[in-house]
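Trainee: Have a look at this one before I ask anything.
Just so it is clear, none of the values below were taken in a lab; they were calculated from the coordinates. Fair warning: this is a prediction, and the values are worked out from it, not measured in the lab. Using ideal geometry, Cβ is built from the backbone for each residue, glycine included, and neighbour counts are taken over all protein chains shown.
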Amino acid sequence: MNSPSSHSLYAQRRARLAAQLGAGGIAIVPTAPEYPRNRDTDFLYRHDSYFYYLTGFAEAGACLVITAEGQSTLFCRPKDLEREIWDGYRLGPEAAPGVLGMDAAHSSAVLDAQLPRLLENRQSVWYPHAIHNGLAERVEGWLNAVRARVRYGAQCPAVQQDLCGPLDEMRLIKDAHEQDIMRRASQISAQGHIRAMQRSARMLRAGEDVREYHLDAELLHAFRDGGSQYPAYGSIVAAGANACVLHYRADAAPVRDGELVLIDAGCELDGYASDITRTFPANGRFTGPQRALYDLVLASQVAAVDATRAGARFNDPHDATITVLAQGLLDLGLLDANKVGTVQDVIDKRAYFPFYMHRTSHWLGMDVHDCGSYVEPGETDRTTERKDPLSGETILNRPSRVLQPGMVLTIEPGLYVRAAEGVPAQFHGIGIRIEDDAIVTATGCELITRGVPVDADEIEALMRA
């Protein structure tokens, strides 16, 4: 719940959105529903990101309506003292205008009755498309109620627009308030990674049986201990060859002396995600082959970080990563130059793909894979065609996004070496990813997740502590 002092932040966002709705426009923004987990039990509730961005209100069962004239109306659950005994405090529509800075508030019980009246004589209606199951049908029901009154002079909105477009652009640039929350989320997450690293080495030194869930427990402890509400996504804690499974989930596999552990985990704090990946030796000491691959991935991340600055393109960090990895794969013998050719050939033929199959970055914010176009809006008509060398598919390329100060993206190169013919045995089963969160600045980027080290020597020193 936000204090009255935070009114202006959300009111400013609503005003910015209202100005983009056009004359006679109206926007409908519901929050997320509650979902049943099993009998008489719901999944832990998490609000809708678009709704929270505009309200700072985390209760379920709510809906926001904004008009082009800047009028904001909230529909929320009514006060119910009996239900509050079971489910907790409700703000209620009587208190909502004063607490949240709304112009008006009503019980969500009257939403279906009130929406047709609010939609009547409007030119266009905006709502998030393809986000809320059943919302389009519900909007159509409200519009049908307006159409039923045309004989009485009512006009029905003739245009339906996707509200995700303007909201995605707004959310793509993080303001100072958002950046501060994300820095704090990153600090909490970094402590979780440190705890997991140190526990792994400590238990192995003591001769104890270490499982992936032991390390996952350290993450969860640090997240809650730091004030985070919950993980931003399902934590990946992958021991040994499990690290070659990109979306592996923490399970009960043993953490063995001499193997690596890959942890991809971050907390959510006050609606904003962090996203960190670290790969470390379970016992605190890299072997020679592990260190060679690790240093290569780290060098590729350094190149990607150097390429991340205002005015650069979103694809530039990925291209920098690929160039370093391609050379390293040749140098280490994972790719045979006699078969694949030069570094440029490796890049052009995507010969690196068996070892590196994902992109280097994604947007980060209220969602761990945050909203926002990856194509520069003013250049969508500039297209080129290329044929993918692996699939043979013809791909239409458009210029990638120009980075601006306040954008936040991950930088996460990796290498995943599965046992295969022609792959040197000393690298089999090694999966490495290094991921940091970067706020774009005018001259470069601010890495907000370096509270946990990435240098191999520093990781070993940390794990000896």
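Trainee: Go through Val159, Ala206, Ala190 and say which Cα lies farthest out towards the positive end of the charge dipole of the chain; charges sit on Cβ, +1 for Lys and Arg, -1 for Asp and Glu.
Mentor: About the Cα centre, the residue reaching furthest to the positive side is Val159.
Trainee: Note the angle between two axes, namely the Cα long axis of helix 135-147 and the longest principal axis of the Cα atoms of the chain, as a number of degrees from 0 to 90, rounded to the nearest 10.
Mentor: It is inclined by approximately 20 degrees.
Trainee: Okay, next question. Less than 26 Å apart at the alpha-carbon level, and either on another chain or at least 8 residues along: which lysines does that give for Lys79?
Mentor: Cross-link targets: none qualify.
Trainee: Follow-up question, since we're still on this one. Using the Cα centre as the reference, give the magnitude of the dipole from point charges on the C-beta atoms of the chain (Lys, Arg: +1; Asp, Glu: -1; all else neutral), rounded to the nearest 20 debye.
Mentor: Charge dipole of the chain: 480 debye, to the nearest 20.
Trainee: Cα atoms only: what Rg and Dmax, in Å, come out for region 1-82?
Mentor: 14.6, 47
Trainee: Could you tell me what fraction of 2.2 N^0.38 Å the Cα radius of gyration of region 242-371 comes to, as a two-decimal ratio? Spell out each step's value before the answer.
Mentor: Details: Rg = 16.6 Å, N = 130, 2.2 N^0.38 = 14.0 Å.
Normalised Cα radius of gyration, region 242-371: 1.19.
Trainee: Please compute the volume of the convex hull spanned by the alpha-carbon atoms of region 404-465 and report it per residue in Å³.
Mentor: With only Cα atoms used, region 404-465 gives 125 Å³ per residue.
Trainee: Further question on the same structure: Can you tell me the FRET efficiency between Asn144 and Leu81 if r is taken as the Cβ-Cβ distance and R0 is 41 Å, rounded to the nearest 0.05?
Mentor: Result of the calculation: an efficiency of 0.65.
Trainee: Work through the residues other than Asn144 whose Cβ is under 11 Å from its Cβ and net out their charges, Lys, Arg +1 and Asp, Glu -1.
Mentor: Here the charged neighbours net out to +1.
Trainee: Out of every Cα pair in region 333-431, what percent are spaced more than 22 Å from each other? Mind dumping the intermediate values first?
Mentor: Working: 2431 of 4851 pairs.
Every Cα pair in region 333-431 considered, those over 22 Å come to 50 percent.
Trainee: Compute the label zone of Arg350 within region 374-405: residues whose backbone N is under 20 Å from the point 7 Å along Cα-to-Cβ.
Mentor: 374-375, 383-401
Trainee: Please report the relative contact order for region 233-381, taking Cα pairs under 8 Å with a sequence separation of at least 6, and give it as a percent rounded to a whole number.
Mentor: On the way: 175 pairs, mean separation 24.9, N = 149.
The normalised contact order for region 233-381 reaches 17 percent.
Trainee: Let me ask something else about it. If you add up the charges near Phe280, with Lys and Arg at +1 and Asp and Glu at -1, over every other residue whose beta carbon is less than 14 angstrom from its beta carbon, what do you get?
Mentor: On the way: positive: Arg195, Arg199, Arg202, Arg256, Arg278, Arg285, Arg291, Arg433, Arg464; negative: Glu212, Glu218, Asp257, Glu259, Asp264, Asp295, Glu435, Asp455, Asp457, Glu458, Glu460.
Here the charged neighbours net out to -2.
Trainee: Also, quick follow-up: Assuming R0 = 45 Å, can you tell me the calculated FRET efficiency for the pair His247 and Arg151, based on Cβ-Cβ distance, to the nearest 0.05? Please report the intermediate quantities before stating the final value.
Mentor: Working: r = 56 Å, r/R0 = 1.24.
Once the sixth-power term is evaluated, E becomes 0.20.
Trainee: Once the Cα atoms of helix 288-306 and of the chain are each reduced to a long axis, what angle between those two axes, in degrees from 0 to 90 to the nearest 10, is obtained?
Mentor: 40
Trainee: Using helices alone, I'd like the mean residue ellipticity at 222 nm for the chain: each DSSP H run of four-plus residues gives -39500 (n - 2.57), total over residue count, nearest 500.
Mentor: -10500 deg cm²/dmol
Trainee: Another question, if that's okay. Kindly state, to the nearest 0.05, the FRET efficiency for Ala158 paired with Arg382, given R0 = 30 Å and r defined as their beta-carbon distance.
Mentor: Between Ala158 and Arg382 the formula returns 0.40.
Trainee: Distance between Cα centroids, region 315-385 to region 32-89: provide it in whole Å.
Mentor: 41
Trainee: Give me the tail of P(r) for region 292-361 as a percent: Cα-Cα pairs with distance above 17 Å.
Mentor: Values: 947 of 2415 pairs.
In whole percent, the long-distance tail amounts to 39.
Trainee: In whole percent, what relative contact order does the chain give with Cα contacts below 8 Å and a gap of six or more residues?
Mentor: With pairs under 8 Å counted, the relative contact order is 13 percent.
Trainee: Give me the Å³ per residue figure for the convex hull around the C-alpha atoms of region 4-171. Intermediate results must be reported in sequence, preceding the final value.
Mentor: Working: hull volume 21.3 nm³, N = 168.
Hull volume normalised by residue count: 127 Å³.
Trainee: Which of the lysines could a cross-linker span from Lys339 if the Cα-Cα distance has to be under 22 Å and same-chain partners fewer than 8 positions apart are dropped?
Mentor: Cα-Cα hits under 22 Å: Lys349, Lys387.
Trainee: Kindly express, to the nearest 10 degrees and within the range 0 to 90, the angle between helix 316-331's C-alpha long axis and the longest C-alpha principal axis of the chain.
Mentor: On a 0 to 90 degree scale, this one is about 20.
Trainee: Can I ask one more? Distance from the Cα centre of region 401-465 to that of region 257-282, in angstrom?
Mentor: 10
Trainee: Right, here's the next one. Note the full-extension length gain between Gln179 and Val423 as 0.36 nm times their separation in residues minus their Cα-Cα distance, in nm to one decimal.
Mentor: Residue separation times 0.36 nm, minus the Cα-Cα distance, leaves 83.5 nm.
Trainee: A further question on this structure: Calculate, axis by axis, the spread of Cα positions in region 77-213 along the three principal axes, and write the results as whole Å, longest axis first.
Mentor: Largest first, region 77-213 extends 82, 40, 31 Å along its Cα principal axes.
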